[in-house]
Amino acid sequence: MTGLNDQWSQRDLRVLWHPCTQMKDHEALPMIPIKKGQGVWLEDFEGNRYIDAISSWWVNLFGHCNPHINAALQQQMETLEHVILAGFSHQAAIELAEQLVAITPDGLDRCFYADNGSSAVEVALKMSFHAWRNLGKPEKTRFIALQNSYHGETLGALAVGDVALYKETYAPLLMDVITVPGPDCYNREPGETWAEYSRRRFQHMDETLQKHAHEVSAVIVEPLVQCAGNMRMYDPIYLSMLREACNRYDVHLIADEVAVGFGRTGTLFACEQAHISPDFICLSKGLTGGYLPLSTVLTTSAIYDAFYDRYESLKGFLHSHSYTGNALGCRAALATLEIFSQQAVIENNRKLSECMAEATRHFSDHPNVADVRQTGMILAIEMVKDKHSKEAFPWQERRGLRVYQHALTQGVLLRPLGNVVYFMPPYVINQEQIQKMVDVAWQGIELATA
């Protein structure tokens, strides 16, 4: 007789097609059906529990089934679940926009809702191009993106990304983008600081802007951490220099904080560490605490004013999603922001970050670990074949998958990016759970590199 997990898995595999998954893998790799969640824990149908060390693809901030967010959603469901946001509005959408304008970097005064991170990036790209067109500069049609960047998988977002695994297949469908060598510090020289390397790498961006600014609409970056690009990290000085250069060359700056916003990097928003305000900031994932799909693009009054005209001018931004500003999503986001305002979340995260750093200090001595890097509540460990040359394991060997499989047997959900094992846990994790998460990762790396 098959167990409950097997029964649910078999039902799943008869009807579902999972994201970012080669479904044939599940002929040998068991599916894990989850029955419930509580705090950092996920529990399957047979009572096995797993620490959600990756916040369920980086969305969960304050734990599964958070009572504060649950209560807010229950109240909202009894009042209004959704209403068209064209010609209508509602309390949750208004209050959320007001709060986002208040807490994001100065000058971001207008909030445009979408459904998810990729959609937010699409909005920002279209809005940037369209603003220049409305301002009489229709030649500014191109975008500059960083090497190794990732911004989502809809066609516009995919075009401004640079991770071949996701992009290469669809290249014939994508717009032409200018890709600039990035500032990530993995390949810095011995003794070179993150700041020195990131500053040095900015030369590529400056030269590109000087050459192409007349045709460039915007530069798009993931501030401080290129998450899907193997959790590569860089120094805030790059963002400071980029903001100044975008001003100088009259080009918009889009900050994709979908993954790094809401405390992940040690500040509420990553841009704060560079003391800059972008022209657009894209937010999603943690925006609703991991509860519901919702995203937003915040932009400046100057951008908004470029569209503000009589209908007959055809300058309006006619972009929409059916669930734009969904009341339940907005209410979950408001409850999430209430937790930030009522608790010392950022301060507590700094203590958790220090705990993660201390617990992983010995990883640097592992013969198959080339780099241990951390920005706030994001910590990554890069496995390599050769520590000194940083020669990577062939991707076909799927070393990270071995870490994933071992971790599941020990009650931890890790999902390495290729050969990079990383932690991005919910903020309600404690020191004992961090130690378990780290110990299991060490065991997994030992097995994967043996």
### Query
Fully extended, how many nm does the chain gain between Asp12 and Glu432 (0.36 nm per residue separation, minus their Cα-Cα distance)?
147.8 nm
#### Entry: Heavy-atom surface of the chain, accessible at 1.4 Å and reported per residue (Å²)
46 Å²
### Query
Where in the chain are the helices, taken as whole DSSP H runs, whose Cα atoms extend 20 angstrom or more along the long axis and whose Kyte-Doolittle mean reaches at least 0.5?
327-342
#### Entry: Percent RCO, i.e. relative contact order, over region 228-349, from Cα pairs under 8 Å lying at least 6 residues apart
21 percent
### Query
Ranked highest first by the average count of other Cβ atoms within 10 Å around their residues, in what order do 440-448, 362-370 fall?
440-448, 362-370
### Query
For region 112-247, rounded, prolate or oblate, judged on the Cα gyration tensor with a ≥ b ≥ c (square roots of eigenvalues), a/c < 1.5 rounded, else prolate if a/b > b/c?
oblate
### Message
Could you tell me the relative contact order of region 17-125? Use alpha-carbon pairs under 8 Å, at least six residues apart, and round to a whole percent.
### Response
12 percent
### Rg to Rh, two decimals, where region 279-366 supplies the alpha carbon set and Rh follows Kirkwood
1.19
### Query
Once the convex hull of the C-alpha atoms of region 1-142 is built, how many Å³ does it hold per residue, rounded to a whole number?
214 Å³
### Message
Rolling a 1.4 angstrom probe over the protein chains, ignoring ligands and nucleic acids, what is the accessible area of Trp194 in square angstrom, nearest 10?
### Response
70 Å²
### Query
Rounded if a/c is under 1.5, else prolate if a/b is larger than b/c, else oblate: which is region 264-419, with a ≥ b ≥ c the root eigenvalues of its Cα gyration tensor?
prolate
### Message
With Kirkwood's inverse mean 1/r over C-alpha pairs for Rh, give me the Rg to Rh ratio of the chain, two decimals please.
### Response
0.96
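Just the number, please: carbon plus sulfur as a percent of the accessible area of the chain, 1.4 Å probe, no ligands or DNA/RNA counted. Working shown, then result.
On the way: 10780 of 20650 Å².
That fraction is 52 percent.
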### Cα centroid separation, region 105-184 to region 15-72 (Å)
30 Å
### Message
Using Cα-Cα distances under 8 Å and only pairs 6 or more residues apart, what relative contact order does the chain have, in percent?
### Response
20 percent
### Task
Note down the net charge around Asp256, summing +1 for each Lys or Arg and -1 for each Asp or Glu among other residues with Cβ under 14 Å from its Cβ.
-4
### Summary
P(r) of region 365-450 over all Cα-Cα pairs, 5 Å bins starting at 0, rounded to whole percent, reads 3, 16, 26, 26, 17, 8, 3, 0
### Message
Using a 7 Å offset from Cα along Cα-Cβ at Tyr166, what residues in region 377-414 end up with backbone N under 17 Å from the label point?
### Response
none
### Message
Along each principal axis of its Cα atoms, how long is region 211-271 end to end? Whole angstroms, biggest number first, please.
### Response
35, 20, 17
### Task
Can you tell me how much longer the chain between Ser320 and Gln443 gets when fully stretched, taken as 0.36 nm per residue apart minus their C-alpha distance, in nm with one decimal?
39.5 nm
### Summary
Checking rank on 180-193, 413-426, 219-232, with mean other Cβ inside 10 Å and highest first, the result is 219-232, 413-426, 180-193
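How would you rank 199-209, 345-355, 13-23, 235-245, highest first, on the average number of other Cβ atoms within 10 Å across their residues?
Final packing ranking: 235-245, 199-209, 345-355, 13-23.
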### Query
So how compact is region 182-312: Cα radius of gyration and Dmax in angstrom?
16.0, 60
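The values are calculated or read from the model by the stated rules, or taken from the named source; none is laboratory data. Not measured: the values here are computed from a predicted model. No Cβ is skipped: glycine too gets one built from the backbone with ideal geometry, and neighbour counts run over all protein chains shown. The accessibility values were calculated without ligands, DNA or RNA, using every heavy atom of the protein model including side chains. Shrake-Rupley method; radii C 1.70, N 1.55, O 1.52, S 1.80 Å.
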